[in-house]
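Here the structure comes first, spelled out in structure tokens, and everything after it is commentary.
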Amino acid sequence: MVELSWDGWLVPQIADELRCSQKTVRRWLHRFNRLEGLEDLGGQGRKRRITEAERSRIVGLVKLTPPGRLEVQPSNEMWAADESGPSEWTLDTLAAAARDLGIEVSRSQVRRILLAEGVRWRRTRSWTRSKDPDFEGKGRGSSRSTPARPTARRWSAPTSSAR
């Protein structure tokens, strides 16, 4: 930009040549008038509200067992650290757990942090298997009244009746 300006080009011509706005050309030419103006301006944008250590603690929460999840004890009894706590990590429960640790963070911010780290924050299971050797599965369906899936019709070419 500066070189083109020295060669006598006008701001609109420079902007067209470099495919940028005239405002951008003017800003850089004005910044060039003072040498320190060419340095990159730091501190642009909003400052992070939480530190990297706090971000790491939030990501680490996902690896912990949720306090309300039932676990089988050696005595074959089910036990949870906090029966009123969440049994699965969701964005809301992770945000609440982070606040309990003194990290002021919103649900949406937890989501952005986990997505940036490639972390999956919940594991959903619609069924489970018993470790009890006497447990017997229900078999094919959960109820006889539940209709079976209909078989697909086979396609056949239409036959012509006239020969």
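If we scan segment 149-157, do we find a residue that is modelled with pLDDT of 75 or more, of a type in the set (S, T, N, Q) and either assigned to a loop (DSSP other than H, G, I, E, B) or over 30 Å from residue 53 (Cβ atoms) (or both)?
No, that holds for no residue.
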* **Qualifying residue in segment 85-103 (condition: under 30 Å from residue 134 (Cβ atoms), open to solvent by less than 100 Å² (accessible area, probe 1.4 Å) and in contact with a helix residue (DSSP H, G or I) (Cβ under 8 Å, 6 or more places away or on another chain))** => no
* Of all residues in segment 1-10, count the ones that are open to solvent by less than 100 Å² (accessible area, probe 1.4 Å) and either under 15 Å from residue 33 (Cα atoms) or among the polar types (S, T, N, Q) (or both). => 4
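The values are calculated or read from the model by the stated rules, or taken from the named source; none is laboratory data. Keep in mind that this is a model prediction, so the values were computed, not measured. Cβ atoms come from the backbone with ideal geometry, glycine included; neighbour counts cover every protein chain shown. Accessible surface is based on the protein model in full, side chains and every heavy atom, while ligands, DNA and RNA are left aside. Shrake-Rupley method; radii C 1.70, N 1.55, O 1.52, S 1.80 Å.
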